[in-house]
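**Student:** Mind having a look at this structure? Questions to follow.
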Amino acid sequence: MPAVAANALFEEIQYHMIEAPDLGVTWADGIWTAAEVLGYANQRQARFLKEAPVLLGRAEIINSSALAQPLPEDWMLTYRLVWKDDDGTRTQLPRVDHRELDLALSTWPTGTAAKPQVYADTDMATQTIHVAPIPTNGGEFEITYVAVPPLLDGTTEPFMVPDMFVPAVKYGIMADMFGKNGRVHDTERAAYCEMRFQEGVIAANVMVRGFV
C-alpha cells in the first residue's frame, strides 16, 4: 500500500469542509489558509507520534562523565534509556524527576558511582538529560526515543505516521480547524474530531503494547 501523501489528505479534508478540492493548495472560502492547515498537520503528526510509540529512533550517547548528557538533535521524548557498561552489562534506568532525586539521592548534582541508577529529562536545558549518580565507569547510554518528524511541506511527501493511523491525524487537523475562533467555530464538531484523534492514539498504544 502506498504511503498517504500530505496533499491527498488535505484534499480529503477539503471535501469534508465543503471546500473546492485542489489538493489543499487553496481554501477558497477564506476561512483557513493553506499555511494554517499545514501547521495543524505538522502539529498533529508530532503530537500523535509523541503520544503513541509507533515510530521510535535509537541512538548511542557516549558517556561524558558529567551530570548532563547530550540528547540526539531530533529528540522529542525519551521512551527508554539503558546504560551499557564497558564490561558489557546493560541496565535499564528508571525515569525520575528532580524532586525524587532530592528526596532519594540528595548528592545527585555532584555525586558519582561506577554506574548510573536513574535519569531525568525535565526542568533542564533542552537537548540534555541528567543521569545520577554521575558514572565513573566507561560506557555509553542506549536511548530509544520519539524523534521529531520531518516537517510536511504540503505536497506529495508522505506522513511519517503509519498509514492506518493517518485518519486519526486527519481528525486532529479538523478538530483544530473547527476550534479556530471565527465564524466556523464549532465546539461540538471540534470535540467529536478530537475524540476520533484520541481513539487513534489509544488504538495505536494497544497495538504496539508488548512490542516496544
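The values are calculated or read from the model by the stated rules, or taken from the named source; none is laboratory data. All of these numbers come straight from a predicted model, not from anything done at the bench. Because the Cβ atoms are built from the backbone with ideal geometry, glycine has one as well, and the counts that use them run over all protein chains shown.
**Student:** Limited to the range 144-153, what total is found for residues that are buried (at least 21 other Cβ atoms within 10 Å of the Cβ) and small (Gly, Ala, Ser)?
**Tutor:** 0
**Student:** In the range 9-20, is there at least one residue being part of a helix (DSSP H, G or I), farther than 25 Å from Ala203 by Cβ, at pLDDT 95 or above and not assigned by TED's automatic domain parsing to the domain that holds Glu142?
**Tutor:** Taking the range 9-20 first, the residues part of a helix (DSSP H, G or I) are 9-16.
After this cut, where a residue has to be farther than 25 Å from Ala203 by Cβ as well, the list is 14.
Next, from what is left, pick out any that are at pLDDT 95 or above: 14.
Pick out the ones that are also not assigned by TED's automatic domain parsing to the domain that holds Glu142 and you get 14.
Within the range 9-20, one or more residues are part of a helix (DSSP H, G or I), farther than 25 Å from Ala203 by Cβ, at pLDDT 95 or above and not assigned by TED's automatic domain parsing to the domain that holds Glu142.
Yes or no, residue by residue, for (1) without any contact (Cβ under 8 Å) to a residue 24 or more places away in the chain; (2) under 25 Å from Glu11 (Cα atoms); (3) among the β-branched types (Val, Ile, Thr); (4) surrounded by 17 or more Cβ atoms within 10 Å (Cβ to Cβ):
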residue	(1), (2), (3), (4)
Val118	no, no, yes, yes
Asp123	no, no, no, no
Ile129	no, no, yes, yes
Pro135	no, no, no, yes
Glu142	no, no, no, no
Thr155	no, yes, yes, no
Phe159	no, yes, no, yes
Asp163	no, yes, no, no
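**Student:** Can you name every residue in the range 120-169 that is outside any loop (DSSP other than H, G, I, E, B) and either at positive phi or touching a His at 6+ places or on another chain (Cβ under 7 Å) (or both)?
**Tutor:** Filtering the range 120-169 down to residues outside any loop (DSSP other than H, G, I, E, B) leaves 120, 128-132, 134-135, 139-147, 158, 163-169.
Selection gives Ala120, Gly139.
**Student:** Related question: Go through (1) loosely packed, with under 14 Cβ neighbours inside 10 Å; (2) at pLDDT 95 or above; (3) not small (Gly, Ala, Ser) and name the single condition His185 misses.
**Tutor:** Evaluating His185 over (1) loosely packed, with under 14 Cβ neighbours inside 10 Å; (2) at pLDDT 95 or above; (3) not small (Gly, Ala, Ser) leaves (2) as the failure.
**Student:** Is the range 31-53 home to any residue that is without any contact (Cβ under 8 Å) to a residue 12 or more places away in the chain and under 30 Å from Thr128 (Cα atoms)?
**Tutor:** Taking every residue of the range 31-53 in turn, at least one turns out to be without any contact (Cβ under 8 Å) to a residue 12 or more places away in the chain and under 30 Å from Thr128 (Cα atoms).
**Student:** Residue under question is Trp27, and the condition is that it be in contact with an Asp or Glu (Cβ under 8 Å, 6 or more places away or on another chain) and more than 30 Å from Thr110 (Cβ to Cβ); does it hold?
**Tutor:** yes
**Student:** Also, quick follow-up: For the condition modelled with pLDDT of 95 or more, farther than 25 Å from Gly200 by Cβ and not hydrophobic (A, V, I, L, M, F, W, C), what is the one hit in Glu142, Glu100?
**Tutor:** Numbers: Glu100 fails: modelled with pLDDT of 95 or more.
Result: Glu142 is the single residue among Glu142, Glu100 that is modelled with pLDDT of 95 or more, farther than 25 Å from Gly200 by Cβ and not hydrophobic (A, V, I, L, M, F, W, C).
**Student:** Conditions first: (1) out of contact with any Leu (no Cβ under 6 Å at 6 or more places or on another chain); (2) touching a residue at least 60 places away in the same chain (Cβ under 8 Å); (3) surrounded by 14 or more Cβ atoms within 10 Å (Cβ to Cβ); (4) part of a loop (DSSP other than H, G, I, E, B). Phe197 passes all but one, so which condition is the exception?
**Tutor:** With (1) out of contact with any Leu (no Cβ under 6 Å at 6 or more places or on another chain); (2) touching a residue at least 60 places away in the same chain (Cβ under 8 Å); (3) surrounded by 14 or more Cβ atoms within 10 Å (Cβ to Cβ); (4) part of a loop (DSSP other than H, G, I, E, B) applied to Phe197, the lone miss is (4).
**Student:** How many residues, within the range 61-112, are among the basic types (Lys, Arg) and either within 22 Å of the chain's Cα centre (by Cα) or surrounded by 14 or more Cβ atoms within 10 Å (Cβ to Cβ) (or both)? First the steps, then the outcome.
**Tutor:** Taking the range 61-112 first, the residues among the basic types (Lys, Arg) are 80, 84, 90, 95, 99.
If we keep only those that are either within 22 Å of the chain's Cα centre (by Cα) or surrounded by 14 or more Cβ atoms within 10 Å (Cβ to Cβ) (or both) as well, we get 80, 84, 95.
Total meeting the criteria: 3.
**Student:** Would you pick out the residues in the range 171-184 that are in a loop (DSSP other than H, G, I, E, B) and either closer than 19 Å to Gln14 by Cβ or touching an Asp or Glu at 6+ places or on another chain (Cβ under 7 Å) (or both)?
**Tutor:** Result: Gly179, Lys180, Gly182, Arg183, Val184.
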